[in-house]
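Engineer: Could you have a look at this structure, given as structure tokens, before my questions?
The values are calculated or read from the model by the stated rules, or taken from the named source; none is laboratory data. Since the model is a prediction, treat every value here as computed from it, not as a measurement. Here Cβ is always computed from backbone atoms with ideal geometry, including for glycine, and neighbour counts include all displayed protein chains.
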Amino acid sequence: MTSDKYEFFKVVQEYLSKAASVVHLDAAVEAILSQPRNEIIVHFPVRMDNGEVKLFKGYRIQHNNILGPFKGGIRYHESVTLDDVKALASMMTWKCALMRLPYGGGKGGIKFNPRNHSTAELQRITRRFAHALGGNIGPDYDIPAPDVGTNGQMMAWIMDTYMNTVGHVNKQAARGVVTGKPVASGGTVGREKATGQGVVHCITEWARERRFNLEGSTYIVQGFGNVGSNAATILSRYGASLIAVGDHFGYLRSPEGFNPHKLSEWTRQHGTIQGYPSGQPISREEFFSTRCDLFIPAALEGQVGAAEARALDCKLIAEGANGPLTPEGEKILLDRGVDILPDVLANSGGVTVSYYEWVQNKRSESWDLEEVDEKLEKAMKNAYREVVDMARSKDVDLRTAAYCVALDRIQTVYRERDIFP
């Protein structure tokens, strides 16, 4: 991390405040959006494989539901804090509004390192967390999804726990309580790659607009989990070359370029890029100073501070992660003329395809990959165009523009519905 005192929620609130002044957001609406509607904290015991009982702390933040049910991932990570989850929940509100999804923002998490636990322990932790949340989640109220440290299997456990503990006349209707499920358990094809796919759609739109040829271009990726690996794999089809990559264990460089498919397979087997045979280990500093055309930060928030921003030598940053740039880092990069595709736009492919999964569950339908991909491409390109148009009309950066588009839509609904009572 670039700073031990990175206050993510405060940063997101500052972005909100800046965009609110640009679109002349009503004071009442800004006040409502400045804090989550509900903050749920639960403590629950789980028996470990050795018989020991450990107490876990879980969060579910429900930011806003004026547009529809709360929607957002569940994160398993040792650095999960209330502040971070509040920030991420509010960002989900902007993403859903920007993508025209009938959702509001939510986010959850448990503060622990999932890599230190067996599959059996992870199942018990997940099920106990779902049980502790109880009726605070539901297919028409709050719909979790995978995030850092969680996956489709864990969503299947949450769904099963919910279906067996919360009363429903039609149990099958409860499948939509989570998205990002395995396809056999009611998930949708195309969901796993959706966030990375959305990042690439934004990059290709940027390249088309800038008349930049992706064929023969170079890029680096920080974080090679679901988002980073899928973005890299898809981007390679355009002839771009992955020349440096990093994860929580370290960084590798390959001047002639990595094969993203083989690197993804290695990571699936070993849980890290570390030890990958055709890469030269480099330091974090060397990674950030690697000259390239595109940089995809797809790790955690607050990774690119002032030092990293000064070291970066690229034309475009496409935020696969949420909040990877600190405000100081972002200012340095913008002053240097580096284009930044903000998280609220660039990584919203995941929640968009989650919406398609939810719709399929509600209708008892199953769409093919071609239909899902087609809908996602159209949605991402429309959102990209709206953000760019807003940026030009208001003379602001793309992050502020993305917030402006979202806030405009939310404000319209508040003005139509007014404040209860």
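Engineer: Scan region 318-357 residue by residue and report those that are aliphatic (A, V, I, L, M), over 18 Å from residue 376 (Cβ atoms) and surrounded by 24 or more Cβ atoms within 10 Å (Cβ to Cβ).
Structural biologist: Correct list: 321, 325.
Engineer: Which members of region 391-406 meet the condition of being under 11 Å from residue 97 (Cα atoms) and within 19 Å of the chain's Cα centre (by Cα)?
Structural biologist: Selection gives 402, 403, 405, 406.
Engineer: A further question on this structure: Listed residues 132, 145; which is aliphatic (A, V, I, L, M), farther than 30 Å from residue 386 by Cα, in contact with a Gly (Cβ under 8 Å, 6 or more places away or on another chain) and touching a residue at least 60 places away in the same chain (Cβ under 8 Å)?
Structural biologist: On inspection, the qualifying residue turns out to be 132.
Engineer: Which condition breaks for residue 16 when tested against (1) farther than 17 Å from residue 401 by Cβ; (2) modelled with pLDDT of 95 or more?
Structural biologist: With respect to (1) farther than 17 Å from residue 401 by Cβ; (2) modelled with pLDDT of 95 or more, residue 16 is out only on (1).
Engineer: With the requirement that a residue be within 24 Å of residue 8 (Cβ to Cβ), acidic (Asp, Glu) and crowded, with 17+ Cβ neighbours inside 10 Å, what does region 270-317 give you?
Structural biologist: 301, 308
Engineer: Another question, then. So which of 184, 132, 145, 174 ends up being surrounded by 24 or more Cβ atoms within 10 Å (Cβ to Cβ), aliphatic (A, V, I, L, M) and over 28 Å from residue 252 (Cβ atoms)?
Structural biologist: Of 184, 132, 145, 174, the one residue that is surrounded by 24 or more Cβ atoms within 10 Å (Cβ to Cβ), aliphatic (A, V, I, L, M) and over 28 Å from residue 252 (Cβ atoms) is 145.
Engineer: Residues that are without any contact (Cβ under 8 Å) to a residue 12 or more places away in the chain and on the phi > 0 side of the Ramachandran plot: does region 201-214 have at least one?
Structural biologist: yes
Engineer: So which residues in region 236-258 are surrounded by fewer than 15 Cβ atoms within 10 Å (Cβ to Cβ) and among the aromatic types (Phe, Trp, Tyr), if there are any at all?
Structural biologist: Matches in region 236-258: 249 only.
Engineer: I've got another one for you. With the requirement that a residue be free of Cβ contacts under 8 Å to residues at least 12 places away in the same chain and either assigned to a strand (DSSP E or B) or within 26 Å of the chain's Cα centre (by Cα) (or both), what does region 43-59 give you?
Structural biologist: Once the filter is applied, which keeps residues that are free of Cβ contacts under 8 Å to residues at least 12 places away in the same chain and either assigned to a strand (DSSP E or B) or within 26 Å of the chain's Cα centre (by Cα) (or both), region 43-59 yields 53, 54.
Engineer: Output the qualifying pairs, or none if there are none: Cβ atoms under 9 angstrom, residues six or more apart or on different chains, first residue in region 265-282 and touching a residue at least 60 places away in the same chain (Cβ under 8 Å), second residue of a type outside the set (Gly, Ala, Ser).
Structural biologist: Within 9 Å, the pairs are 271/115; 271/249.
Engineer: Just for helices (runs of 4 or more DSSP H) wholly inside region 321-421: which have at least 3 residues that are farther than 22 Å from residue 208 by Cβ?
Structural biologist: 327-335, 349-363, 369-394, 398-417
Engineer: Do we have any residue at all in region 19-27 that's surrounded by 13 or more Cβ atoms within 10 Å (Cβ to Cβ), under 22 Å from the mean Cα position of the chain (by Cα) and over 21 Å from residue 137 (Cα atoms)?
Structural biologist: Yes, there is a match, as at least one residue in region 19-27 is surrounded by 13 or more Cβ atoms within 10 Å (Cβ to Cβ), under 22 Å from the mean Cα position of the chain (by Cα) and over 21 Å from residue 137 (Cα atoms).
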